[in-house]
1. Evaluate segment B:613-625: report whether one residue or more is outside the structural domain of residue B:683 (by TED's automatic domain parsing) and either of a type in the set (A, V, I, L, M) or touching a His at 6+ places or on another chain (Cβ under 6 Å) (or both).
2. Within segment A:236-246, take every residue that is in a strand (DSSP E or B) and either closer than 12 Å to residue A:283 by Cα or at pLDDT below 95 (or both) and give me the one that is farthest from the other protein chains (Cβ to nearest Cβ).
3. Tell me whether segment A:366-378 contains one or more residues that are more than 27 Å from residue A:266 (Cα to Cα), under 24 Å from the mean Cα position of the chain (by Cα), open to solvent by 10 Å² or more (accessible area, probe 1.4 Å) and more than 14 Å from every other protein chain (Cβ to nearest Cβ).
4. Counting just the residues of segment B:283-303 that are among the charged types (D, E, K, R) and in a helix (DSSP H, G or I), which one comes out surrounded by the most Cβ atoms within 10 Å (Cβ to Cβ)?
5. Return a yes/no flag: does segment A:507-526 have any residue that is part of a helix (DSSP H, G or I), open to solvent by 10 Å² or more (accessible area, probe 1.4 Å) and over 29 Å from residue A:645 (Cα atoms).
6. Answer yes or no: is there a residue in segment B:338-348 that is within 10 Å of chain A (Cβ to nearest Cβ) and either at pLDDT below 95 or open to solvent by 10 Å² or more (accessible area, probe 1.4 Å) (or both).
7. Against the definition (open to solvent by less than 10 Å² (accessible area, probe 1.4 Å) and within 30 Å of residue B:261 (Cα to Cα)), how does residue B:202 come out, yes or no?
8. What number of residues within segment A:323-337 satisfy the criterion of being open to solvent by less than 10 Å² (accessible area, probe 1.4 Å) and either of a type in the set (Gly, Ala, Ser) or within 14 Å of chain B (Cβ to nearest Cβ) (or both)?
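The values are calculated or read from the model by the stated rules, or taken from the named source; none is laboratory data. The structure presented is a predicted model; accordingly, all values stated were derived computationally and were not measured. Glycine also receives a Cβ, built like all others from the backbone with ideal geometry; neighbour counts cover every protein chain displayed. Calculation scope for accessible area: heavy atoms of the full protein, side chains included, ligands and nucleic acids excluded. Shrake-Rupley method; radii C 1.70, N 1.55, O 1.52, S 1.80 Å.
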There are 2 protein chains.
Amino acid sequence: MQQIAKGIWKIVLGEPETFTPEHFRQFPVRTEAIEQIPVSRECRVSEEKIHWRKTKRGITVTLPMETQEDIYGFGLQLQGFNQAGRRRYIKVNSDPVANTGEGHAPVPFYISSAGYGLFVNTFRYTTFLMGTNSERGQSAGMTAENEAHKEFSEAAIYALKRAKEERKVIIDIPAAGGIELYLFAGDFMEIVQRYNLFSGGGCVPPMWGLGMWYRIYGGGDEKALKELAEQFRKEEIPMDVLGLEPGWHSHSYSCTYKWSNLFPHPQEMIDDMTAQGYKLNLWEHVYVYPKAPFYEKLVPYSGDYEVWNGLVPDFATKEACQLFEDYHRDTFVKQGIAGFKLDECDNSDYNPSNWAFPDSTEFPSGMDGEQMHMTIGTLYQNLIYRIYQQENRRTYSQVRSSGALAASLPFVLYSDLYDHKQFIRGVVNAGFSGLLWCPEVRDCANGDDLLRRLQTVVFSGHALINSWRIPSPPWKQTDIEKNLAGEPMDTAEYYTAECRKLFELRMRLLPYLYSAFVEYSHSGKPPIRALVLDYPEDREARMVDDEYLFGESMLVCPLTYEDGTSRSVYLPEGSWYDFFTGERTEGGRRVEVHAEYDKIPVFVKEGAIIPLAKPVTHVEKDTVFDITVKTFGEADGSFVLYEDDFETFAYEEGQNRIVIEKHPGEDVTIHSENGTMTKYRLVR
Amino acid sequence: MQQIAKGIWKIVLGEPETFTPEHFRQFPVRTEAIEQIPVSRECRVSEEKIHWRKTKRGITVTLPMETQEDIYGFGLQLQGFNQAGRRRYIKVNSDPVANTGEGHAPVPFYISSAGYGLFVNTFRYTTFLMGTNSERGQSAGMTAENEAHKEFSEAAIYALKRAKEERKVIIDIPAAGGIELYLFAGDFMEIVQRYNLFSGGGCVPPMWGLGMWYRIYGGGDEKALKELAEQFRKEEIPMDVLGLEPGWHSHSYSCTYKWSNLFPHPQEMIDDMTAQGYKLNLWEHVYVYPKAPFYEKLVPYSGDYEVWNGLVPDFATKEACQLFEDYHRDTFVKQGIAGFKLDECDNSDYNPSNWAFPDSTEFPSGMDGEQMHMTIGTLYQNLIYRIYQQENRRTYSQVRSSGALAASLPFVLYSDLYDHKQFIRGVVNAGFSGLLWCPEVRDCANGDDLLRRLQTVVFSGHALINSWRIPSPPWKQTDIEKNLAGEPMDTAEYYTAECRKLFELRMRLLPYLYSAFVEYSHSGKPPIRALVLDYPEDREARMVDDEYLFGESMLVCPLTYEDGTSRSVYLPEGSWYDFFTGERTEGGRRVEVHAEYDKIPVFVKEGAIIPLAKPVTHVEKDTVFDITVKTFGEADGSFVLYEDDFETFAYEEGQNRIVIEKHPGEDVTIHSENGTMTKYRLVR
């Protein structure tokens, strides 16, 4: 057991494999920052309590588990929250139709109420059995107690199990001859902070990335883009980023990475959009069609099987990365493209046909298909990130698969799934494992469903409307057929106004959210996170998967359209204030909250300070935010606004801190540490 | 490549594992019977075309695959039929929610139109990629051809793939250091026959097993059983077997194997039922609760983790088998119990909690949990079978999981799933891999749904109504709440009469079906099977997964309630006769068939002879079937009725053959080879 940093230890069992998340680490461990994080909970797991054995199948590791132990994490889990008593199968899969643990971005990392977190440094499809089975013979001792329990009831038996049994964590890692484990100490939040700083610290998106996003109709051309862009500006719909499908999968579903004839003048188009203050994001995926310009050179650096008639690049080779980097830099990034949507880089087990490369695929690097499925999304992010880093421009992009140690990557996950409750759970869960998740709006049953989904979206890390199926925005027409036919709905004016209000709310929150990301970078604290991270001792908070903290002090409680106009909200101990009305509610209990379809319940912590910006329609190089400071309650409070150029990597060399403070009975004080303010202007 | 028997070869690659289906073989290869099966199709796969390599993950085997090659098999597949272009994951799983290949009884065996079948002798969770991916660089040569194909359409691309690409079979076997492959030659039917005879030949159920079955209400006691038994006899509802839940999971879900106080007089009850001509079948599962009489002795012969507070017996040890065998023989079989329903012996991956033992479980035999999941169902069947074999009584029983080389085991698979279309597909598919499947009736939307499901059931290998949720039969009341409340439906009389008719139809078919099973035993020909087995060159038949052959000459075309009262039926080349009316229809085409809810379309082959029995309510030791011979069409025809005691293993020493023959323009002739008839009586 080797100490890596304060509260972080590495344990090596057997002979670990070469290709692991650690092996491909792109960002250094933030040792100094980790030093600042306390260890305020006893770590109840130690090396001698961890057992392992090598089997023909791989490596099996066991750890003790307490009867009341709670477990969170495992990456982007859309269908489960508290994972105690559950089996998690950490396998990348684009169609997680059941609550198995699989998904776009499963991560072999969990946090436990027993004061530890565990990261298993592997790409193998690992199974975590979190207290599901007791050891042989253990039940014999329980027989007498069970006599009281004559009726068969699954719930009762489960409750009995939880109360009486000692449990175990069983970790089943196939194929490996050894494994590296990383143990993180602290309470829930400290463990997550340690893991994120161990990963390199959280990413800091450019300010424009936090604005509004819109992906245009898949069949749309240059003209459609131009018209839509003009419409948004004319109607004062805030919008920073427009996403396109360039049509480079017209021959097969694999990509040529060449503009189709829908976009005959790409440079002109990019320049025009840039002039209007838009950033452009291009859809693509990872499978390379024979007509791609770098196809021939890529052949020797790709896997031995194709997907959709396209090569599977081996991003574990420098050569494949270089081909992608050079082409993307020279053809898109230098031309002004601000980011990409990296699709299909996961796996597709529930599709019974050829939507993925075999696990047995051999790659020139020596990796196999199983390992590649678990990392191709991350390696793809890494190479796109490097291009922007070299150009000294930050990107904020999308990706459909991610994995371990990805906190520093400014890429947001999304899914073809669409259940709103699951999407909310995704927002709650992603923060446990250094991931960002977009509960994007696509189809809507009606205008109110649109509002409900947008409410979740504007309180997420990525405010995206994905209109790839409809030419007009959903606030003009939610019905797809009518939208395609160009018929607006009767209520278009009302919903346009309501959507504008929601987008303006998002724009108002930009400086607040940006600060949360800077904190993420410095301290590893997720900008958006489950309640249990801030209230680790609150038993009720340990079950809450439908509310989340947005930044340091806002508690967001979305409703789905199916919920109607009221929901139960859990407020932890203390006073809470309605973000919109300022009304106070005492916490430590559940309250029933009413919210019409145009309202989302948002509560603010006692003593909070929230800087609100006058909404801009988009963020420009010279944008200055007019800031109003809003305070909640009487308690002491403080907030730090971070100031930098909001778009280059210069922030890594230092930022200006504008400290806002409040003491009971006193006026708010604002102090800029470098004495000036260039990006903010205070409005009293 | 070692020849095992005519048209069967064994190929050993690397160093195979110890524990395999072959290792646990209970029945010898039927070499002489295999000798009788021709090889009428060129085997287009040979040893030199099979490539393999050992990797860190296990063994990968590849075989060539033709563009037009069709593939069937892989055990009980409820969601897929022709598996060309599909990925099949051969993993036991009780909740196959998606079409992945997983299920209660997946088998690593497939048959190909390229004149071969392949059995992979392993318990590892093997993935078969049946032509899903092309090799690196292959698409480059297709670019020119694809230029014609400008529009992206998934269907078009798939069609293009099938037409243009060379494909591969990729078999990915984890953990193993080597593998044994068995290659079977012939056309579809010959391959299946070879596989079944290699497995030991098909099972021959006792005649009573082919009669009607009914599982009583789960909360039912001795009195309820008695009343129901009397009701069936009084109302002349044919019924041979009654299934019970003895209540031995009252403490926990694991089993005590002791009668609960619902059944205070088991021997008296068994004797009473036996006197009325009923056979009793007892529900149980494999996890042993501490109060089971053989618990203490079993501890050292069980896996190192429990399931539902119960031990997992290691049936790969003689000791565990002996404990189960002795107890079951002495406590149930000798007392008169006719069979068991062996539940929960599969795996439960889609349930995120503790419904299964970990794959990493260690068993005293040296097997691991993965291997045990793939074989515990088969080993459980083996031991129950041995008890009845020793007692010289045949059983016909139920089991929820089975696997490779299981054709000789008289156990029928069932599922908690319930889609009627899938259940029909199960009937069609099970016969490819030596399995039997029960499309049991449980809940019904209404009386017509009941009839539709019963129609499939009476034309299956196991005619079971599973009323575990309702105290009265579904023909009295299909609504569960009202059934529980004791309220009959208004139409109870009508549906009782219709169900009686269906059950009598089943009883009429008993001698015919029994002969089909005897053929299964002799020649390996499945008694119930897909059309493609009898019509291997018929391209249309290769896609038909909703009709099946029942015995040698009946083509059954069930409708579901959702289908309404008509469906499309594919009739292969030749003349076909309506089983009920005798009306002739020319085949080689699809016909639209009308069938009211009380009718099921059944067609009979030209020249067929079908012996029909006067229906009995149940089969007794001294039952003699009154037989009427029904002929269809003008062509030459023959049928063999097999005569034995219908209940002991004496049939293995030889049976009397009663040969029924017909020539155009002549009367039917009947010839008993031993000169007498004891079990049949001809009615002219």
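1. Taking segment B:613-625 first, the residues outside the structural domain of residue B:683 (by TED's automatic domain parsing) are none.
No, every residue in segment B:613-625 fails to be outside the structural domain of residue B:683 (by TED's automatic domain parsing) and either of a type in the set (A, V, I, L, M) or touching a His at 6+ places or on another chain (Cβ under 6 Å) (or both).
2. From segment A:236-246, those in a strand (DSSP E or B) are A:241-244; that's our starting set.
From what's left, either closer than 12 Å to residue A:283 by Cα or at pLDDT below 95 (or both): A:242-244.
On the way: A:242: 22, A:243: 18, A:244: 16 Å.
The extreme case among them is A:242.
3. Checking segment A:366-378: at least one residue is more than 27 Å from residue A:266 (Cα to Cα), under 24 Å from the mean Cα position of the chain (by Cα), open to solvent by 10 Å² or more (accessible area, probe 1.4 Å) and more than 14 Å from every other protein chain (Cβ to nearest Cβ).
4. Restricting attention to segment B:283-303, the residues satisfying the condition of being among the charged types (D, E, K, R) are B:284, B:291, B:296-297.
Subsequent filtering for residues that are in a helix (DSSP H, G or I) retains B:296-297.
On the way: B:296: 11, B:297: 15.
Ranking the candidates gives B:297 first.
5. First pass over segment A:507-526, keeping only residues part of a helix (DSSP H, G or I): A:507-508, A:510-523.
Filter once more, keeping what is open to solvent by 10 Å² or more (accessible area, probe 1.4 Å): A:508, A:516, A:519, A:521-523.
Add one more test, that the residue is over 29 Å from residue A:645 (Cα atoms), and what stays is none.
Scanning segment A:507-526 turns up no residue that is part of a helix (DSSP H, G or I), open to solvent by 10 Å² or more (accessible area, probe 1.4 Å) and over 29 Å from residue A:645 (Cα atoms).
6. Kept after step one, since they are within 10 Å of chain A (Cβ to nearest Cβ), are these residues of segment B:338-348: B:348.
If we keep only those that are either at pLDDT below 95 or open to solvent by 10 Å² or more (accessible area, probe 1.4 Å) (or both) as well, we get B:348.
Yes, that holds for at least one residue.
7. So residue B:202 fails the test.
8. 0
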